[in-house]
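See structure below.
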Amino acid sequence: MHTIQSYIAKNKNRFLNELFELLKLPSISADSAYKKEVLQTADFVLTSLKEAGCDKVELCETPGYPIIYGEKIIDKNLPTVLIYGHYDVQPADPIELWTTPPFEPIIKKTDIHPEGAIFARGACDDKGQMYMHIKALEYMTSSGNLPCNVKFMIEGEEEVGSESLSWFVPRNKEKLANDVILISDTGMIANDIPSITTGLRGLSYVEVEVTGPNRDLHSGLYGGAVANPINILTKMIASLHDENNHITIPGFYDKVEELSKEERAEMAKAPFSKEDYKKSIDIGDVYGEVGYTTNERNSIRPTLDVNGIWGGYTGEGAKTVIASKAYAKISMRLVPHQDWKEITKLFKNHFENIAPKAVKVKVTPHHGGQGYVTPIDNIGYQAASLAYQTTFGKIPIPQRSGGSIPIVALFEKELSSKTILMGFGLNSDAIHSPNEHFGVWNYLKGIETIPYFYANFANLYR
């Protein structure tokens, strides 16, 4: 294993160039205009797995975008690690806020990444982190250091809800059989403070439509006499939180897990500077549910946020109308034990009930998923912890994340496997935002650390 560092040093430029070629492909699964590019990206991943040493690679058709499957089985008596990742990316909008084109990757130095960071859509989420695993496999196969079996399942719809994956996994349980699942689609506290994500929030995502008159109306002739859907919608949304930023939907908190004082005290040991946090996103102060810290609000507490709102005239200049319709997209991040389908139903019932008779309301559920927790006494977690200790020189901190990877709960249900979340990104990497980036150091450190996970897991499994 000691040769992994020299292997990375020898191949650093190639590793970066290959990732650049992957990042140049605008694999935006949410926009059908990019279907050709999404499929090109799937082919790129397939070829990369072949070249990295997989003995069997398949492009598996689904009702949507294909899933790329690869495997290297060295001994059926040895444990099997299943790697999950995704090759699709978020839309790059708003393009004008990018300092360089989102699909023309470039390395630039930053205060956090003095050795340089790769700026491109998908650099951290998830192409850079997914590709680390392919390069780690390349090292292990080329050097004869692969200590157990490995399977890859790389999908193209994670950013739009993984619907095809939900179709694929139950139909391929034998193909996907494993002893542990390894994912790098999360982050860590800092480059000098490694951490492993042990919990994820669930998600319920809905779209709402409020309809008033049957057409846009002149705001002078009709203003004050008919309900304005935009006014109504904003009032309804505002009512979803009380003065303590507590969500007002009846039954919303019924199954929320309340952590003990001891567990909250353990969480509080993670380094956190409120001033640095405010500065990093240029806000005057933190904001959220009363009675909880910032780190608790964005990890162990559920939330409700408006992700988009529109209606009426939004072009240049003035147009005095009362819009016929108003719309909003709303996401709710959920904690373990909250069922996303139940929460979606609670939201729908409540939102329809609080609407005045002057308007009609339509709630359309989009996608969702369950929350997830990995126990730290799991041998997969222990293997990961030992790997970080080897390459970082520190014991990683177990940390619950505010993000959602809905398919993790699906994996446990269908494949009876625990998932280990070894993320190497940082909160400052601007995933889903303009100027997304991933540190060169982080990319290479991931490639260095992953092979130690395999070695440790094989040893602990015996």
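With the gyration tensor restricted to C-alpha atoms of segment 403-462, the semi-axes of the equivalent ellipsoid amount to 26, 20, 6 Å, longest first. Ranked for footprinting exposure by Cβ neighbours inside 10 Å, fewest first, Lys24, Lys56, Lys279 give Lys279, Lys56, Lys24. A simple charge model with +1 on the Cβ of Lys and Arg, -1 on the Cβ of Asp and Glu and nothing else charged puts the dipole of segment 389-462 at about 300 debye relative to its Cα centre. A straight chain from Trp310 to Leu16 at 0.36 nm per residue would run longer than the Cα-Cα distance by 101.8 nm. The magnitude of the dipole of the chain, with charges of +1 and -1 set on the Cβ of Lys/Arg and Asp/Glu and taken from the Cα centre, is near 260 debye. Using the Cβ-Cβ distance between Ala238 and Ile112 with R0 set to 51 Å, the FRET efficiency works out to roughly 0.90.
Recomputing mean projected area of the Cα convex hull in nm² from the coordinates shown identifies the correct label among [x] 23.4; [y] 35.1; [z] 18.8 as [x]. Note on Gln40 and Gln382: the model spin-label points, each 7 Å out from Cα along the C-beta direction, lie 4.8 nm apart. Shape of segment 164-205 from its Cα gyration tensor (a ≥ b ≥ c, root eigenvalues): rounded if a/c is under 1.5, otherwise prolate when a/b > b/c, or oblate? Note, shape of segment 164-205 comes out oblate. Our note on the geometry: Cα centres of segment 1-64 and segment 202-257, 43 Å apart.
Tally Lys and Arg at +1 and Asp and Glu at -1 over the other residues with C-beta under 15 Å from the C-beta of Gln389: what net charge comes out? Taking every Cβ under 15 Å from that of Gln389, the sum is 0. Taking every pair of distinct Cα atoms and averaging 1/r, then inverting, what Kirkwood hydrodynamic radius in Å comes out for segment 111-151? In segment 111-151 this quantity evaluates to 12.1 Å.
Considering segment 39-154 at the alpha-carbon level, its Rg and Dmax are found to be 16.5, 54 Å.
Can you check what the net charge comes to around Tyr454, using other residues whose Cβ is under 12 Å from the Cβ of Tyr454 (Lys, Arg +1; Asp, Glu -1)? Every neighbour counted, the sum reads 0.
Reducing segment 283-311 and segment 141-200 to their Cα centroids gives an inter-centroid distance of 28 Å. The residues His218, His337, when put in order of fewest to most other Cβ atoms within 10 Å, stand as His218, His337. Distance between the pseudo-spin-label points of Asn349 and Thr100 (7 Å out from Cα toward the beta carbon): 5.2 nm.
Counting only alpha carbon atoms, the long axis of helix 4-23 and the longest principal axis of the chain meet at about 40°. Counting only other residues whose beta carbon sits under 13 Å from that of Lys325, what net charge do I get with K and R as +1, D and E as -1? Local net charge: 0.
Computed from Cα atoms, the angle from the helix 379-392 axis to the main principal axis of the chain rounds to 80 degrees. Looking at this model, which pairs from Lys24/Lys135; Lys109/Lys279; Lys12/Lys151; Lys50/Lys127; Lys135/Lys394 are more than 21 angstrom apart at the alpha-carbon? Among Lys24/Lys135; Lys109/Lys279; Lys12/Lys151; Lys50/Lys127; Lys135/Lys394, the Cα-Cα distance tops 21 Å for Lys12/Lys151; Lys135/Lys394. Take every Cα pair under 8 Å whose residues are at least 6 apart in sequence, average their separation, divide by the length of the chain, and the relative contact order is 25 percent. Run the quick spin-label model on Ser273 and Asp31: label points 7 Å from Cα toward the beta carbon, then report their separation in nm to one decimal. My value for the distance between the label points is 3.7 nm. Against the chain, whose longest principal axis is taken from its Cα atoms, helix 35-52 shows a tilt of about 20°. Before rounding to the nearest 500, sum -39500 (n - 2.57) across all DSSP H runs of length at least 4 in the chain and divide by the residue total; then give [θ] at 222 nm in deg cm²/dmol. After summing the helix terms and dividing by the residues of the chain, the value is -10500 deg cm²/dmol. Over every Cα atom in segment 280-346, the radius of gyration and the widest Cα-Cα span, Dmax, amount to 17.3, 49 Å.
Across segment 371-438, C-alpha contacts under 8 Å between residues 6 or more apart give a mean separation that, scaled by the residue count, equals a relative contact order of 28 percent.
Each value in this text was obtained by applying a stated rule to the coordinates, not by laboratory testing. Computed from a predicted structure; not experimentally measured. Cβ: placed from backbone, ideal geometry, glycine included. Neighbour counts: every protein chain shown.
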